[in-house]
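The next block holds one structure in the form of structure tokens; read it before the comments.
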Amino acid sequence: MYGRYVRGRSVRRCVSLACALLLAACDQRGTPVAPVLTPEHALRTFKLPPGYSMQLVAAEPLVHDPVAIDFDADGRMYVVEMSGFMPNVDGRGEQVPNGKIVVLDDTDHDGTMDRRTVFLDSLVLPRTVSVLEHGVLVGAPPFLWLARDTTGDSRADTRVVVRSDFGSRDDNPEHTANGALWGIDNWLHAANHRQELRLQRDGTFAMRATPSLGQWGVSSDAYGHLYRNSNEDPLRTDLVPPHYTVRDTSAFPARGAYSALTTNVPVFPSHKTPAVNRGYREKTLRPDSTLAHYTSAGSPTVYLGDRYPAVMRGSVFVTESAGNLVGQFVVTDSSGAPRSARRAQDSTDFLTSTDERFRPVNLANAPDGTLYVVDMYRGVIQHRTYITDYLEQKIRERGLEQPVGRGRIYRIVYDSAGVGPVPQMRAMSASQLVHTLTHTNGWWRITAQRLLVEHGDTTIAPALRALQRHADDRVRLHALWTLDGLGCMDTPSVLAALIDTSPHVRAAAIRIAEPWIARTDPRIHRAVNSLARDSAVSVRRQLAASLSVFPTGQRTALASLLLTTNTSDAVIADFASRNVASASALLATLLDRPALATQHDGAAIEALAAQIGRASTPAGMQRAISLATDAMRPTAQRVAIIGGLTRGAREVRKEIELSSPPSALLAVADAQDSALAASAKGLTARLHWRGKPAGSPVRTLSAAESARIAAGRVEFATTCAACHQSNGAGVQGAAASLVGSTYVSGPPARLIRIVLQGKEGNMLMPPIGATLSDERLASILSFIRREWGNTADPIDAAEVKDVRGATTGRQRAWTVDELARIR
């Protein structure tokens, strides 16, 4: 361009103007801002392990602001376009209904999409698409729709509401419902939502309760284990299917869901990343200005394809959009040990880019056997709720606010393997679909299973039973769950699965056998009971989770056996302890066993004590306290008993009445500072007896305050629970516990400031109050001040308004010293 005259100006003048523009596009240190790269140029910025490369599948103008994808049975790609997300650094205009679901086709079969059809439009911040034969599930809070194309033109012409509580439009889009993954158990699993769905034969959906887990994305491995994550917490899994943890509504959630597989491990971007939230913190950036650890972990995706080396199968890939990279974790799941995970690379990550606008927000297993990377391609990826002043400054310095409306979708290819064929599964016969359950690509297997279940053809049951003898346990699992989905499971099939050589199949068989267990089928009972001593902990955990369906006598005997033979497993302990005949009697029996004399991980002891604490009977508490204050017992046992009693009492949210002062416990609490003394002090706060020195009384709530707290419970679940967890316990190293927190129970003005402007120091808190009204913020704070045993007075909207006004203009988070001066 510089070799021509431009509107009469000379070449020299154009060059001078170009230089001036280049200088203007630099920050004060002379660092160039992040340029907007073409898709072809962006391909040259990627770094992958040897043998791997990136291929462009789609880019603007064919696709805009993509955040999620799914494929139909013929390989057509459905894309969620969240065009309303952060159109500017202030987030103005987010509620404009400009979101879409689009269908992309590769009409010339060259591997690149070339046709775009709008399937559904006028959506506000959509984030979910899941393609079924019965229609396409589309999530755009507060609705989850089933949309259908009845004319074959790839455009939805009908839609019905499946759920009207699939998040809220008022919620931060980083922390609301998303995902609808068809699992191997034929249930649709989500993240950040308290329901799972199952398609029924009449086209409606059954629902079951589940904890609200994870933040963005949900994935399954080949055996049905689910994976989720959030922010600085890159990888978690369910040790038992999560609905079991809330299955018994009379009990409190058991452990076993959303278990951490990693701590916040390091990341290694391939360029400086100053424009990350809280980049001013020493622990966020390294001295070389590269992101040090995950801050925006999302979309954990298990590789199920067949086009990478075999060693890659089962690896979990995690996006880190702030650091412009994708990490890889190797998961170990041996039959006798719990699942674990480690980084696949020591000092690099699987996929990095030097393009600051590369924003990998989602991953997907594709029909062609590769992983697809969904790149929202933009400068601003942090929602306004959490943007610090530091990040806003960096966004403006580096010119990242605009443009928006771009987006790319790539595939990661292993060069020597290429990509697999395009499927044509909708035209397959039932017998062909059954054969496809043996495919080496997991996407083909789960899609074939879904199609078989949706079609409902029960004549294929004999062929499925024949697959139960297949050499590959993944195939045997698909056959088992397809039989279950079709309603064709029979006693011989269940019995065969219960003695399968694969622990994955045995664990699934326990779940599927529950109707037979409830009907007291003696053959099934004998087979299931024998699994109480199974070599695989995953099988024993599933048996403990399924205890509630057993007849009472068998249930209590089996629970006692599981508890006494798995004393260090917290998952088994939680499920078994709430099914024993007498928690007090079994606790005494366990403590008398010599083998437990040196037990340091007394999960069974703690779980039984928690059950006693929930029951809150004076006699039971007195007996347990006498065991905990016996100086002849190991300290670890005593701490476990006291901790369990405290946990149980906290969960039922009541003060436990004793007939006499717990003198021995008070003596322990007054002893030299130790873990035992601290535990004892926490328990005494939950106890009451005649003559106990009066503490601060817990004020009775007014009707308005009760309503505010009820509203706060809902707000907390969608705004705060992803970090602080639904039980308020937080995440170690990432989010502070709210249980017993002095910040929560302290002066309202201090707590309000923390939420409005954030907190520095250990366990920092980002500023989130700017996007919440005074009423919403007051409801959340009132809820946490009266939940999980906290007894502080609620906060009203007027108090929030006063503090907001008094701190207007505050541009930085509060330090610990500043907060300490607020009374």
Revision key, fill the gap. Expressed in nanometres to one decimal, the distance between label points 7 Å along Cα→Cβ at H134 and A619 is 5.2
Review point. Which one of T567, T589, A427 has its Cα pushed farthest toward the positive end of the charge dipole of the chain, where Lys and Arg give +1 and Asp and Glu give -1 at the Cβ?
Key: T589
Check your understanding: To the nearest 0.05, what FRET efficiency results for T332 and C488 with a Förster distance of 45 Å applied to their C-beta separation?
Key -> 0.85
**Study point:** Modelled FRET efficiency - R0 51 Å, A417 with H688, Cβ distances, 0.05 increments
**Key:** 0.15
Check your understanding: Taking a 27 Å limit on the Cα-Cα distance, which of the listed pairs K47/K394; K100/K272; K759/K801; K283/K801; K47/K283; K283/K394 fall beyond it?
Key -> K100/K272; K283/K801
Exercise for review: Give the shape of segment 278-377 as rounded, prolate or oblate, defined through the alpha-carbon gyration tensor: a ≥ b ≥ c are the square roots of its eigenvalues, a/c under 1.5 means rounded, and otherwise the shape is prolate if a/b is larger than b/c and oblate if not.
Suggested key: oblate
Point to revise | Dimensionless Rg/Rh of the chain - Kirkwood Rh, Rg from C-alpha atoms | key: 0.99
Revision key, fill the gap. Contour minus Cα-Cα span, E40 to R713, at 0.36 nm per residue, comes to 237.5 nm
Point to revise | Size of segment 361-500 as Cα extents on the principal axes (Å, biggest first) | key: 68, 35, 26
Revision key, fill the gap. Contour minus Cα-Cα span, S582 to A310, at 0.36 nm per residue, comes to 92.9 nm
Practice item. Can you tell me the FRET efficiency between A206 and R469 if r is taken as the Cβ-Cβ distance and R0 is 41 Å, rounded to the nearest 0.05? Key: 0.85
Practice item. Might you tell me the accessible area per residue for the chain, computed with a 1.4 Å probe and given in Å²? Key: 40
Study note, to complete from the structure: Quick calc, segment 344-414, dipole around Cα centre from Cβ unit charges on Lys, Arg (+) and Asp, Glu (-), nearest 20 debye, gives 300
Check your understanding: Which lysines have a Cα less than 20 Å from the Cα of K681, not counting those fewer than 8 places away in the same chain?
Key -> K654, K692
Revision key, fill the gap. Cα extents of segment 472-577 per principal axis, largest first, Å, are 36, 28, 18
Check your understanding: Hey, got the Cα dimensions of segment 572-685 along the principal axes, in Å, largest first?
Key -> 33, 31, 19
Review point. What shape does segment 530-593 take by its C-alpha gyration tensor, where a ≥ b ≥ c are the square roots of the eigenvalues and a/c under 1.5 counts as rounded, a/b above b/c as prolate, and the rest as oblate?
Key: oblate
Revision key, fill the gap. About its Cα centre, the chain carries a charge dipole, from +1 on Lys and Arg Cβ atoms and -1 on Asp and Glu Cβ atoms, whose size in debye to the nearest 20 is 1360
**Study point:** Shape metrics for segment 172-310, restricted to C-alpha atoms - Rg then Dmax, Å
**Key:** 17.7, 60
Check your understanding: So what is the relative contact order for the chain, in percent, with contacts set as C-alpha pairs under 8 Å and at least six apart?
Key -> 9
**Study point:** 10 Å Cβ shell holding at most 16 others, DSSP loop, GluC sites (Glu not before Pro): longest site-free stretch of the chain
**Key:** 283-654
Study note, to complete from the structure: A chain fully extended from S663 to V96 at 0.36 nm per residue, minus the present Cα-Cα distance, gains in nm 197.7 nm
Exercise for review: Would you please put 300-308, 498-506 in order of how densely packed they are, using the mean number of other Cβ atoms within 10 angstrom per residue and starting with the highest?
Suggested key: 300-308, 498-506
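The values are calculated or read from the model by the stated rules, or taken from the named source; none is laboratory data. Just so it is clear, the structure is predicted and the values come from calculations on it, not from any experiment. Don't worry about glycine lacking a Cβ; one is built from the backbone with ideal geometry, like all the others, and counts go over all protein chains shown. SASA here: full protein model, heavy atoms, side chains in, ligands and nucleic acids out. Shrake-Rupley method; radii C 1.70, N 1.55, O 1.52, S 1.80 Å.
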